Amino acid sequence: FDNALATLRLPAATLALLISESLTGAHSFLSLAGLRANAHCEGERLVVELTQPNGQPLPAEKMLTIVTSDFLASHGEGLLNPLSLPEGNLQVHRDRLMRDALVTGLQSFPNQRLDGRDPALFDTEHPRVRYSGRRPLRCGAAPPAAPPAPLP
């Protein structure tokens, strides 16, 4: 696909809502980098708490810059439909395709074999998103039978 890079300015609380929708919906899962999310049920409600990789909580009002594809940023997968972004909070960078950025990033590892078992890429002890059960998550139902499902 010819997806361009897009940047969004969102408060941490809005990102937590998007992650919650991703965990409870049947659409694709949002991947994260640069922070961690812990999702758990409180009664009927799924609560997502965001932290920095060092464990420090992110305040709900902290503004974050999110880098994603123009597809997701412009309502792809239905993730941003319930949100109204203030003018200027979305920028699509048509001059930079995601695949080109990926190639440039991979070229920075010229003599390395990338392996999914590398803890720098996938850390089973410290997953970026932690939750119990299987997606789509449902709160208020029977307790989950599966152990926590770590995601990179």
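The amide H of Gly133, built 1.01 Å from its N in the peptide plane, has Ala146, Ala149 as neighbours under 5 Å, considering only residues 5 or more places off or on other chains. Between amide H atoms placed 1.01 Å from N, distances below 5 Å from Lys62 occur with Ala12, Ala13, all of them 5 or more places distant or on a separate chain.
What order do you get for 111-117, 101-107 when each peptide is scored by the mean count of other beta carbon atoms within 10 Å, highest first? Walk me through the intermediate numbers first.
Values: 111-117: 7.3, 101-107: 10.4.
Highest-to-lowest ranking by the protection proxy: 101-107, 111-117.
For Ala4, the amide hydrogen comes within under 5 Å of the amide hydrogens of Asp70, Phe71, Met98, counting only partners 5 or more places away or on other chains and with H modelled in the peptide plane.
Readers should treat all values here as calculations from the given coordinates under stated rules, not as data from a laboratory. Everything quoted here is computed from the prediction, not taken from an experiment. Cβ sites come from the backbone with ideal geometry, for glycine too, and all protein chains shown count toward neighbours.
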